[in-house]
Amino acid sequence: METAVINVTDVFKKQFGLLWTVLEYTGIPTFEKIYQEGCGKTLMKICQLFFPLFLLCNLFYCWYTTISHGAMSYATFLDTVIPFLTTVLWLVLYLQRNSLKSLLGEIARTTSMVSVSESRYLPFGVNAGLFLTFFSPVFLMLMRVAQRIQIYSIDFFRYLQELIFPSIVTILYTSLCYILLQNLRSCKDMIHTKLDISCSMTVRKLKNTFLKIVKGIEAFEDLFSIVAFIIMLKNFCVVSFIITDMITYENWITALWLEATSYLVFVFLSTGVLTIFASNIPLEMLRIQSTFLDKLSEQSHEDGILNNEKQIIFLLQRDTCVLTAWKLFSFDRGFLLKAVVTVVVHVVAFNQLTSSIKTTGNYTHNNTIV
């Protein structure tokens, strides 16, 4: 058991850069060893309590400022929902922390089993994403300064609430998708080079390897499905809020376009990368099934179906695992475009409906006065 913990820590601390340390400080424990190697356990507990307390206090501050200074509107509604979703996201991940530890251990053992070489780009990409995450609130405030917009403290705290933790979880989701994808590709190469249907031991070993990878993907889907839904909901609430501002605010181009465009680029970039890796997993599983089928057709026997061939046919009959957002919609390569179009149509239709209701109300009021 001790050896397994060491393997998990070694594999993931090297592959994921500073991600696990950052998650520890947000109050989501991953590896117990960090308590021993870092600062004292008491200080670490204080740090872990600080972040969720900050999220909760910041949520109430955002709510108070929004409700007390804003008239009741669709934009005000979105402005109250977005910071709340971050708090819900943290709570969901915290409640599933033990499942997260088990999942990380399972993925690490599977990765070690298929002998995937360590990626040079993943640690760099993770650390670059973390840097962009922590710098993004400052950058958006600088965009406000560049357009000479009056700066309020609530704007900075709102960005901290909306950007930091959801972006960290997005990096976690995307990085694990990358590792799972690499495991599938390594398994496909093993099948292509080593599969011999006449050898029962080889067939059994490759079958078990493939099934372990698939079970890891299914466990990942079960754990992160609702997490992905909250992230997508938060991102597209942000997009809806910005589009609503574009429609209703007369001086949007001169006052807000630089900040809003930067925010949209950040949202679309993070969402796009996530959906690309998530959508590639079922495609890679289909390629593995195609490789199995090719080998089966090349090495099949004329005197009937062998037991080894039956095992491969069983694998071919399995459904591919598609990553979803809480089973409501699945990630595919066209997801981002379809989602953006849906959000834009929704906002425009809602704005037209609101304008029609206001026009009808004003007309009725004028007729009553006359």
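What follows is calculated from the coordinates using simple rules that are stated; it is not laboratory data. Keep in mind it's a predicted model, so treat the numbers as computed, not measured. Here Cβ is always computed from backbone atoms with ideal geometry, including for glycine, and neighbour counts include all displayed protein chains.
Would you mind checking the pairs Lys212/Lys234; Lys212/Lys310; Lys13/Lys41 and listing those with alpha carbons more than 28 angstrom apart? Too far apart for the 28 Å limit: Lys212/Lys234. When only alpha carbons are used to place a centre, the range 203-245 and the range 170-200 end up 18 Å from one another. Here the label points at Thr261 and Asp189, each 7 Å from Cα along the C-beta direction, are separated by 4.2 nm in the simple model.
Of His69, His192, the sequence from fewest to most neighbouring Cβ atoms within 10 angstrom is His69, His192. Its alpha carbons give the range 141-217 an Rg and a Dmax of 23.8, 74 Å.
Counted residue by residue at 0.36 nm each, then reduced by the alpha carbon distance between them, the extension gain from Ile154 to Val341 reaches 64.3 nm. Entry note, the chain: the mean residue ellipticity at 222 nm calculated from DSSP H runs of n ≥ 4, each adding -39500 (n - 2.57), is -29000 deg cm²/dmol after division by the residues and rounding to the nearest 500. Normalised by residue number, the volume inside the convex hull of the Cα atoms of the chain is 169 Å³ per residue.
In terms of surrounding Cβ atoms within a 10 Å radius of their Cβ, Glu298, Glu162 rank from fewest to most as Glu298, Glu162. Mind pulling the angle between the C-alpha long axis of helix 200-248 and the longest principal axis of the chain? Nearest 10 degrees, somewhere in 0 to 90. The two axes meet at around 10 degrees. Exposure proxy ranking for Arg158, Arg185, Arg148, Arg333, based on other Cβ atoms within 10 angstrom of each Cβ and starting from the fewest, stands as Arg148, Arg333, Arg185, Arg158. Measuring r between the beta carbons of Leu306 and Ala219 and using R0 = 41 Å, the FRET efficiency lands at 0.80. Here the label points at Cys47 and Leu286, each 7 Å from Cα along the C-beta direction, are separated by 4.5 nm in the simple model. When only Cα pairs below 8 angstrom with a gap of at least 6 residues are kept, the chain shows a relative contact order of 20 percent. Packing, as the average of other Cβ atoms within 10 Å across residues, places the peptides 121-129, 219-227 in the order 219-227, 121-129, highest first.
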